[in-house]
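Each remark here refers to the structure printed beneath this line.
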Amino acid sequence: MKAPMNFFLLCLALPFLAACSGHTVRGRVDEQAIETRVDSEVARYYLENYLAGKRVDAGLDERIDRVYQSANGALPDRDELKRLSDEFSIDFAALYFADRIGRIPANRSFRKIFDQIYASTRTALPEGRARLPAAAAKYEALVVPSYLYKRNLANGAALAAPREALGKVGLPCYFVETQDDGSVEANAELVMSAIRARGRDGRRLIVISASKSSPEVALALTKLGAAGTRHVAAWINAVGALKGTPLIDDNVLPELEWVVGKVDPAGTASMTTAAGRRRFKSFQVPEQVFVVNLIGIPLSGSVGFRAGRGYFPMRKHGPNDGMVLLADTVYPGGVTLAQVGSDHFLMYSLDVTTVALVSTMIDWLENLRDVAFSPR
């Protein structure tokens, strides 16, 4: 058992080493204040100067200008983020991704509403005063847990905090019992059955997934099609492993079964990037389903304990959240809400974030659905 234990000790040390090295930085991106450490001087300059309109390094400004001039309007994909990581740094690419998300008008409008609701919810929820919009009476939630949720309870895979928070504010919340180590394809069938079952009471359904359960939901919605999802109002895709993860390809966590016990190899195989990217090409979430991508964009100085064991090995592939490459967490269309500084586990005030996000979503669906989105 010495090798796995040494590996865990190293994983605990890596975030501390990252936090104690690098360049201290303060600035704003996507309307969020950032104070942490980054991996390079160029990342520090980009956040503190370039994004703030302080152009004091003509040569570096010109290089960054060329990055924006070459953008095609869509969010950068994993290949572009990898190229920027190699040319500048990992944290530069992550910050650039966050800035590009914030420049999309629908994302910016959604964040403005969310930030206002979050500020009031942060005080009201602990005091028992938080309320959803009146229109919430027409809605209910269906929560789909993530990988190993029956065994690896410490990482929140069962989404217990979001479910409890929604219960406190009175939103009916239903749970899908998936196979905790099953394949994406097998679990998608279970999700399809659960979605069909919720179509009988007349409420509009908000489906909530995280990490591995997000491709399961995307596949279920695709297979059900428009006819089978008329009652589905929205899908919250939180840190979705929509295209698999290099952690499986690279066998970064070989001691997994030593920790949690035997797992279904079919479930593991379904999370490779080859399987994930092939499956992603088949996704066609019906247009009437409003998609909200909730993602974390950590910087090297803000990676938590659990995310650190995946974040540092995956840096060779480009910016990631500790489990998934950043560009692979976003389903195109709808809106994207990025939490800069958070990693894959989004543990900061997750109960408040959930209530604020659902409140924002309902408000948006009831009042602002005519806002134009990027095509899927």
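With the requirement that a residue be assigned to a loop (DSSP other than H, G, I, E, B) and modelled with pLDDT of 95 or more, what does the range 191-213 give you? Matches in the range 191-213: R203, S211, K212. When E255 is tested against the conditions (1) charged (D, E, K, R); (2) modelled with pLDDT of 95 or more; (3) touching a Pro at 6+ places or on another chain (Cβ under 9 Å), the lone failure is (2). Within the range 124-138, the presence of a residue that is in contact (Cβ under 8 Å) with a residue 12 or more places away in the chain, closer than 24 Å to L357 by Cβ, hydrophobic (A, V, I, L, M, F, W, C) and assigned by TED's automatic domain parsing to the domain that holds V38 is excluded. Any chance the range 123-138 includes a residue that's surrounded by 16 or more Cβ atoms within 10 Å (Cβ to Cβ), modelled with pLDDT of 95 or more and either of a type in the set (S, T, Y) or within 22 Å of the chain's Cα centre (by Cα) (or both)? No, the range 123-138 has no match at all. When the residues of the range 139-175 are filtered to those that are assigned to a loop (DSSP other than H, G, I, E, B) and in contact with a Pro (Cβ under 7 Å, 6 or more places away or on another chain), the one that is surrounded by the most Cβ atoms within 10 Å (Cβ to Cβ) is L159. In the range 213-220, is there at least one residue being over 28 Å from R315 (Cα atoms) and among the charged types (D, E, K, R)? No; the residues of the range 213-220 include none that is over 28 Å from R315 (Cα atoms) and among the charged types (D, E, K, R).
Residues are listed down the side, and each one gets a yes or a no for (1) of a type outside the set (A, V, I, L, M, F, W, C); (2) surrounded by fewer than 21 Cβ atoms within 10 Å (Cβ to Cβ); (3) in a loop (DSSP other than H, G, I, E, B):
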{"residue": "E177", "(1), (2), (3)": "yes, yes, yes"}
{"residue": "E189", "(1), (2), (3)": "yes, yes, no"}
{"residue": "V217", "(1), (2), (3)": "no, no, no"}
{"residue": "A220", "(1), (2), (3)": "no, no, no"}
{"residue": "G225", "(1), (2), (3)": "yes, yes, no"}
{"residue": "N237", "(1), (2), (3)": "yes, no, no"}
{"residue": "V252", "(1), (2), (3)": "no, yes, yes"}
{"residue": "A266", "(1), (2), (3)": "no, yes, no"}
{"residue": "M271", "(1), (2), (3)": "no, no, yes"}
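Would you say E287 is farther than 27 Å from E87 by Cβ, touching a residue at least 40 places away in the same chain (Cβ under 8 Å) and not aromatic (F, W, Y)? Judged against the criteria, E287 is a match. Screening the range 45-119 for helices (runs of 4 or more DSSP H) wholly inside it with 3 or more residues that are out of contact with any helix residue (DSSP H, G or I) (no Cβ under 7 Å at 6 or more places or on another chain), surrounded by fewer than 22 Cβ atoms within 10 Å (Cβ to Cβ) and not β-branched (V, I, T) returns the ranges 58-69, 78-87.
What number of residues in the range 290-329 are assigned to a loop (DSSP other than H, G, I, E, B) and surrounded by 21 or more Cβ atoms within 10 Å (Cβ to Cβ)? So that I can check it myself, show each step before the final result.
We begin by selecting, within the range 290-329, every residue assigned to a loop (DSSP other than H, G, I, E, B); these are 298-304, 318-319, 321-324.
Now drop any that are not surrounded by 21 or more Cβ atoms within 10 Å (Cβ to Cβ), which leaves 298-303, 318-319, 321-324.
Final tally of qualifying residues: 12.
When the range 347-363 is limited to residues that are surrounded by fewer than 22 Cβ atoms within 10 Å (Cβ to Cβ) and out of contact with any Leu (no Cβ under 7 Å at 6 or more places or on another chain), the one that is farthest from V29 (Cα to Cα) turns out to be D363.
The values are calculated or read from the model by the stated rules, or taken from the named source; none is laboratory data. Since the structure is predicted, the reported quantities are computational estimates derived from the model, not experimental observations. Counting neighbours? That spans all protein chains shown, and the Cβs are built from the backbone with ideal geometry, glycine included.
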